[in-house]
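S.K.: Below you will find the structure I want to go over with you.
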Amino acid sequence: MSQPTEYEQVTYNAPDGAQFGKGATEKLAFYGSTPIAQLSVSSAISTTLSVSTAGVYGFTTSTETMQVVSAVSTTVWALRQLGLLA
């Protein structure tokens, strides 16, 4: 006989969705990590990149390549701070 699974509902299925954290200073954490307030990181990548098949790694300049690397690194760091990546 299998053990019944129990879950705690975080929402009550409101038609407009769910929200975690009412403000940027409210702290959140996942998987037992230390709760932190919303991270404030500058956007390291421009919204328009020139994709080129002739460029290094598909970008026109090495600066654009480094912007992507920086943005991915910053995202990984932020997810680790929240406990969403090990």
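All of the numbers you see were taken from the coordinates with simple rules; none came from a lab. Owing to the predicted nature of the structure, the values given are computational and were not obtained by experimental measurement. Every residue, glycine among them, receives a Cβ derived from its backbone with ideal geometry; neighbour counts consider all protein chains shown.
S.K.: Based on the mean of other beta carbon atoms within 10 Å per residue, what is the order of 3-13, 25-35, 75-85, most packed first?
M.R.: 75-85, 25-35, 3-13
S.K.: Measuring from label point to label point, each 7 Å out along Cα→Cβ, what is the residue 74 to residue 14 span in nm?
M.R.: Going by the 7 Å Cα→Cβ label model, 3.0 nm.
S.K.: FRET efficiency for residue 33 and residue 5, Cβ-Cβ distance as r, R0 = 30 Å, nearest 0.05?
M.R.: Values: r = 24 Å, r/R0 = 0.80.
Plugging the Cβ-Cβ distance into 1/(1 + (r/R0)^6) gives 0.80.
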